[in-house]
Amino acid sequence: MRALATTYRAQEAPAGLPEPLPQPACDDLRLEQVLAVLADPLRLTIVQRLLTQAERYDHACGWFGLDRPKSTLTHHFKALREAGVISQRQYGLERRSRVRLNDLNARFPGLIDLILDWTPAT
């Protein structure tokens, strides 16, 4: 596994985090659902940025700097969460996200490396 993913995994959860929003349990993650949600280049970009550029434990939608309507981004983040790729927590009016790295590595070894190696089409 790349050093970036190792650094990401090493981040300790800060004390007093809100509970995660509903998400599938690790044992319920389905490869076809994860691959389907990651087939969208914008979603794949979101996950790759969380893996390679995360500065804090989790990040709000605005951190990504994506030029898309808020409703569109909300849809993409919800799809990632419902497939089990990310975990989200509600902080007041904003939701913050992080990749479920340990769960994805446990269920689908090598998937994170593929995401890290992905280059968007030009």
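Please treat every number below as a calculation from the coordinates, not as lab data. Just so it is clear, the structure is predicted and the values come from calculations on it, not from any experiment. Neighbour counts are summed over all protein chains in view; Cβ atoms, including those assigned to glycine, are modelled from backbone coordinates with ideal geometry.
Points to keep in mind about this one:
- Ordering SER97, SER87, SER71 by the number of other Cβ atoms within 10 Å of each residue's own Cβ, fewest first, gives SER71, SER87, SER97.
- Residue-count net charge about ARG43 - beta-carbon cut-off 13 Å; Lys, Arg +1, Asp, Glu -1: +2
- Neighbour-count ranking [beta-carbon atoms within 10 angstrom, fewest first] of ASP58, ASP27: ASP27, ASP58
- Cβ-based net charge around ALA83, under 15 Å, with every Lys or Arg adding one and every Asp or Glu removing one: +1
- Length-normalised contact order for the range 23-117 - Cα pairs under 8 Å, 6+ apart - percent: 38
- Fewest-first sequence of CYS61, CYS26 by Cβ atoms within 10 Å of each Cβ: CYS26, CYS61
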